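S.K.: Once you've had a glance at the structure underneath, I'll fire off some questions.
The numbers here are math on the coordinates, done by the rules we state, and not lab data. Here the structure is a predicted model, which is why all the values come from computation and not from measurement. As a convention, Cβ positions derive from the backbone with ideal geometry for all residues, glycine included, and neighbour counts pool all protein chains shown.
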Amino acid sequence: MSVYILGIESSCDDTSAAVIENTTILSNVIAGQKVHAEFGGVVPELASRAHQQNIIPVVDTALKRAKINKKQISAIAYTNGPGLLGSLLVGSSFAKALSLSLDIPVIIVDHLQAHVLANFLDFPGEEKVKPEFPFLCLTVSGGHTQILQINDYFDMQILGKTIDDAAGEAFDKAAKILGLPYPGGPVIDKLAQEGDPKRFTFAPAKLPGLDYSFSGLKTSFLYFLRDQLKENPNFIDENIHDLAASIQYAIVKSLTVKMEIALQNTHCTNFALSGGVAANSALRAAMVQLSEKYNKKVCIPPMSLTTDNAAMIAVYGYFKYLKGEFSDLSNIPYSSIR
Ligand code: KG4
Ligand code: ZN
C-alpha cells in the first residue's frame, strides 16, 4: 500500500515542501532566500517574512511536480524544531491549517533527526543502499555537530557534540573573514578545489572524548590573517585558493579525528554522514577513506539531500506514520536541541 506524505521544512532560511510515496521522492522543492546574502548570515525577521511569501507557491509546486492530488496525501509532516522560532511558526501553522482543511493527521518532526533519516530516501527507479541499525552518524550542519549512535529510526544516542560553534558555522565564519558571501561553506569548498590544503596550518582543537570545538580555529584564522594583512594588504586575494583549502583541511581534519576514534570504539558495522556540511567534497572523501581503513560500510546521501530539504522531513514522517504516531494541533515549535 502506498503512503503519501507531504513534508514541510521552514526551520532556517530555506522554504521547502516535498511529497514522498513510502520512501521514494516524488518531488522536493526548495526556495532559498537571497535576502540574507548582504548581511553575511541569516536575519531571523527577514527569514520569517520570506517563508510567508514562499510557503504557498512551494507547497503548490511540490504537489504539481509529484503529480498527485492533495486528497491523496495520507499525512503532513512538518519541522517542529530546532530552528528559528518565527520561521518554524510559518511552516507549522501552514501544516496545521492544511491538515484541518484536508482532514488528515499531522506529524511533528525533529530537524536534526530528519537529517539522519535522509539516508533512507530513494529516488524513483533506484533503490539506494541503506544504513543498517545500529550505525554511527556524523551530523554536521550550520547549527549542529554531533556524533550519534542510531539504534532505530527514533532512538538516536548522542556520543559527542560541539561545545561551541558548529562545523557549518566554522565554514561560514571563515568565509566571512575572507570576505566571501553567505553561506560560505559551498564557496570555500569550490575555491579549495584549486588550492593547497597544506600551505597554511591551523591546528584543530584538542578536546577529550568525542566532543568538538571550532571557536579556537576561527580565532587563529582571524589573527593569522590580521597579521598577514598588515604586511600585505592583498594577502587574501593573492592566496584565496590556498586559504580556502587550508581552513577546509583543518575543519575536515577536526571532524575526521573524532569520527575515527568513534569507529575504533564501536561495535557498529557501518556509519553515515548527514547535514548540510555533508555536501563538502573533502569531508565526503575523508569518510570514504575511513570506511576503507576500518572496513565499515559508509552511507552518504546525495548532495541534494544533505542541505535542508523537506524530503528528509517527509521520510521521518513516513516512519512515524507506520507507527501511528500522530500529533495534535496544540504542539508548539521549539528553537533549541531537546
Ligand atoms: O543542514 P543545513 O542546510 O542547515 C542547517 O540545518 O544548519 O546546513 C547548512 C550549512 C551551512 O553552514 C553551509 O555553509 C554548510 O552547511 N554547507 C557546506 C557545504 N554546503 C553547505 N559546508 C561546506 N561545504 C559545502 N559544500
Ligand atoms: Zn539542517
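S.K.: Mind checking the dipole of the chain: about its Cα centre, +1 per Lys or Arg Cβ, -1 per Asp or Glu Cβ, Debye to the nearest 20?
M.R.: Values: 29 positive and 33 negative charges, 50 e Å.
With Lys and Arg at +1 and Asp and Glu at -1, about 240 debye.
S.K.: Output the 0 to 90 degree angle, nearest 10, between the alpha-carbon long axis of helix 85-102 and the longest principal axis computed from the alpha carbons of the chain.
M.R.: It is inclined by approximately 20 degrees.
S.K.: Using alpha carbons only, how many degrees (0 to 90, rounded to 10) separate the axis of helix 281-294 from the longest principal axis of the chain?
M.R.: 90 degrees
S.K.: Semi-axes, largest first, in whole Å: what does sqrt of 5 times each Cα gyration tensor eigenvalue give for the chain? Show your work: numbers first, answer last.
M.R.: Details: eigenvalues 243, 111, 54 Å².
One finds semi-axes of 35, 24, 16 Å for the chain.
S.K.: Bins of 5 Å, beginning at zero and ending with the bin holding the largest distance: percent of Cα pairs per bin for the range 135-301, please.
M.R.: With 5 Å bins starting at 0, P(r) equals 2, 9, 19, 22, 19, 13, 8, 5, 2, 1, 0.
S.K.: Another one. Pairing the Cα long axis of helix 235-264 with the longest principal axis of the chain, what angle in degrees results, from 0 to 90 and rounded to the nearest 10?
M.R.: The helix 235-264 is inclined about 60 degrees to the chain.
S.K.: Does the range 74-170 come out rounded, prolate or oblate by the C-alpha gyration tensor, with a ≥ b ≥ c the root eigenvalues, rounded set by a/c under 1.5 and, if not, prolate when a/b is larger than b/c and oblate if not? Walk me through the intermediate numbers first.
M.R.: Details: a/c = 2.23, a/b = 1.29, b/c = 1.72.
The shape class here is oblate.
S.K.: Okay, next question. Magnitude of the Cβ-charge dipole of the range 39-142, K/R +1 and D/E -1, about the Cα centre, nearest 20 debye? List each step's numbers first, then the result.
M.R.: Values: 9 positive and 8 negative charges, 73 e Å.
Magnitude of the dipole: close to 360 debye.
S.K.: Would you calculate, for the chain, the mean residue ellipticity at 222 nm contributed by helices, counting each DSSP H stretch of 4 or more residues as -39,500 (n - 2.57) and dividing by all residues, to the nearest 500? Each step should come with its number before you reach the end.
M.R.: On the way: 9 runs with 143 residues, N = 338.
Rounded to the nearest 500, it is -14000 deg cm²/dmol.
S.K.: Please report how many Lys pairs in the range 135-301 have alpha carbons closer than 13 angstrom, counting only residues at least 8 apart along the chain or sitting on separate chains. List each step's numbers first, then the result.
M.R.: On the way: 161/258; 173/218; 176/218; 198/253; 206/253; 206/258.
So the count of such lysine pairs works out to 6.
S.K.: Still on this structure, please answer the following. Could you check what % of the DSSP bridge pairs in the chain are antiparallel, to the nearest 5?
M.R.: Working: 26 of 44 bridges.
So the antiparallel bridges in the chain amount to around 60 percent.
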